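Remarks on the structure that follows.
The values are calculated or read from the model by the stated rules, or taken from the named source; none is laboratory data. These numbers were taken from a predicted model, which means no experiment stands behind them. As a convention, Cβ positions derive from the backbone with ideal geometry for all residues, glycine included, and neighbour counts pool all protein chains shown.
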Amino acid sequence: MNTANENIKITLLALGCSKNLIDCENMSTQLKLAGYNVINDVPKSDIVVINTCGFIESAKKEAIDAILDVADYKVPNGNVKKIIVSGCLSQRYPEDILKELPEVDAVLGTAHYGDIADVVAKLATEFDKESDKINLTTGVGGYKHLIKERELSTEAYAWIKIGEGCLNRCTFCAIPLIRGSFVSRPMEDIVEEAKIIASRGVKEIVLAAQDTTNYGIELYKERSLTKLLRKLSEIEGIELIRVMYGYMDGITPDLIEEMANNPKVAHYLDIPIQHGSNRILKAMHRRDTAELITSRLEMIRKAMPDCIIRTTVMVGFPGETEDDFTELKENLKKWKFDRLGCFIFSPEEGTKAYDMPDQIDEETKQRRYDEIYELQKQISAEQSKKRLGTVTKVNICSVSDDGIFYVGRSYGESPEVDPVIYIASQEEELHIGDFVDAKIVDCSDEYDMTAVTI
């Protein structure tokens, strides 16, 4: 450790998905190991690292806005001396960022998270002058930067990356261009990291990849998520294992059986389906059909009647007619997903859908988005009411800003994207990461629930 680095303050900002948070945690750990003072205060920082998302237009806009916000604090207006932009936006548009945003001093692509300490060291020698721009964006993805002993953002749970990149070639998606083809992380590495996490007292782990159900397909020549779940469930101290980002055709009978019978695996699935019209699903180059979705949902709910299922859909895909949209809505009414996120299609450079004919106007896209939101609000409320009066284990994640409630999640709520469960704090003293038995007593809020400990 270089003690001279202690005076250099660095803030890291994670934008976008959980995979970006994992990468940010790893960069933070690398910087701390190099002796830098990692803080969470942009105005007081010497260097700010912005780890970006570039998946869709709204994510790109968020990233650019964040860069401009940080630039307001750069000398001579503030204390920030250097700005580093990493992640998906850097991977896609490195030259554009350096040209159009002159406040940015370095860009790091998705294969270069492991170089963060070296880049900071170089920039730190040039605080008092304009430095040469750094562009490290060759290659994509990989695991070089992952540190099993990384510092976590919370004591309540830990994300674990089990795969990088994507084998699927959806016509609307730029992820394979940004992150490369799917590469499974060796099972022994994942298990070792989970053991380290458990040794710190963290009881919940959340598995992440672009497609978790494809885990092992190229490394072990077969889908191996079921085997991984068994291995992870053997780790002492781990009480809950959550699977995110699956494909419907990857939710196989053996995986469903393992989830149903393994007490440590959450009865929770996040399965983005993207649409409910077979015509649009085919145009998207999705492997699923409406019939497959129906049959898999029936299989899941038969094996796990209490399973909470989350999905994502997209509206405004090129050529989406009113009939296609109506079919999506009718199927959502039938499928009754507990949770749903909706995206508006944005044409992404390099994808097949970018210049497809019959692009949908923005007004129609927004109307369809609003209709899906209102429909799902009703469905989610109906689904939540089924949990009223049930007893569940709640993982205490934080305390509300007013100090009145503990904020937690059960097996049915994933971090960051799902509702939360509020427990009155005066009932008993609880701690972050505690798992407590609680009875759900109110579901009247639009999404969140209230519970009491028992």
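What the table shows:
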quantity	calculated
Candidate set from region 166-213 (those that are touching a helix residue (DSSP H, G or I) at 6+ places or on another chain (Cβ under 6 Å) and of a type in the set (Gly, Ala, Ser)); member that is nearest to Leu225 (Cα to Cα)	Ala208
Region 417-431: number of residues that are of a type in the set (A, V, I, L, M, F, W, C), modelled with pLDDT under 95, within 13 Å of Ser398 (Cα to Cα) and in a loop (DSSP other than H, G, I, E, B)	1
Matching entry among Lys129, Lys195 (being modelled with pLDDT of 95 or more and either among the small types (Gly, Ala, Ser) or surrounded by fewer than 19 Cβ atoms within 10 Å (Cβ to Cβ) (or both))	Lys195
Scan of region 198-232 for residues that are of a type in the set (Ser, Thr, Tyr), over 22 Å from Asn20 (Cβ atoms) and crowded, with 16+ Cβ neighbours inside 10 Å, ordered by number	Ser224, Thr226
Search result, residues across region 372-382 that are more than 23 Å from the chain's Cα centre (by Cα) and either modelled with pLDDT under 95 or surrounded by fewer than 16 Cβ atoms within 10 Å (Cβ to Cβ) (or both)	Glu374, Gln378, Ala381, Glu382
Options Thr213, Thr171, Thr226; residue that is farther than 27 Å from Leu33 by Cα, assigned to a loop (DSSP other than H, G, I, E, B) and at pLDDT 95 or above	Thr171
Members of region 345-368 found to be crowded, with 18+ Cβ neighbours inside 10 Å and within 23 Å of the chain's Cα centre (by Cα), listed by number	Phe345, Ser346, Glu348, Thr351
Filtered residues of region 307-326 (kept if surrounded by 14 or more Cβ atoms within 10 Å (Cβ to Cβ) and part of a loop (DSSP other than H, G, I, E, B))	Cys307, Gly316, Phe317, Pro318, Gly319, Glu320
Region 27-62: number of residues that are surrounded by fewer than 24 Cβ atoms within 10 Å (Cβ to Cβ) and of a type in the set (Ser, Thr, Tyr)	2
Failed item, numbered, when Ala117 is tested on (1) outside any strand (DSSP E or B); (2) surrounded by 22 or more Cβ atoms within 10 Å (Cβ to Cβ)	(2)
Complete set of residues in region 236-246 that are surrounded by 18 or more Cβ atoms within 10 Å (Cβ to Cβ), touching a helix residue (DSSP H, G or I) at 6+ places or on another chain (Cβ under 8 Å) and within 22 Å of Val436 (Cα to Cα)	Ile238, Ile241, Val243
Candidates Val391, Val417, Val452, filtered to the one that is under 30 Å from Glu327 (Cβ atoms) and β-branched (Val, Ile, Thr)	Val417
Hey, Met299 of a type outside the set (D, E, K, R) and surrounded by fewer than 19 Cβ atoms within 10 Å (Cβ to Cβ) or not	yes
Strands (runs of 3 or more DSSP E) within region 1-88 that include 3 or more residues modelled with pLDDT of 95 or more and within 18 Å of Asp105 (Cα to Cα)	9-14, 47-52, 82-87
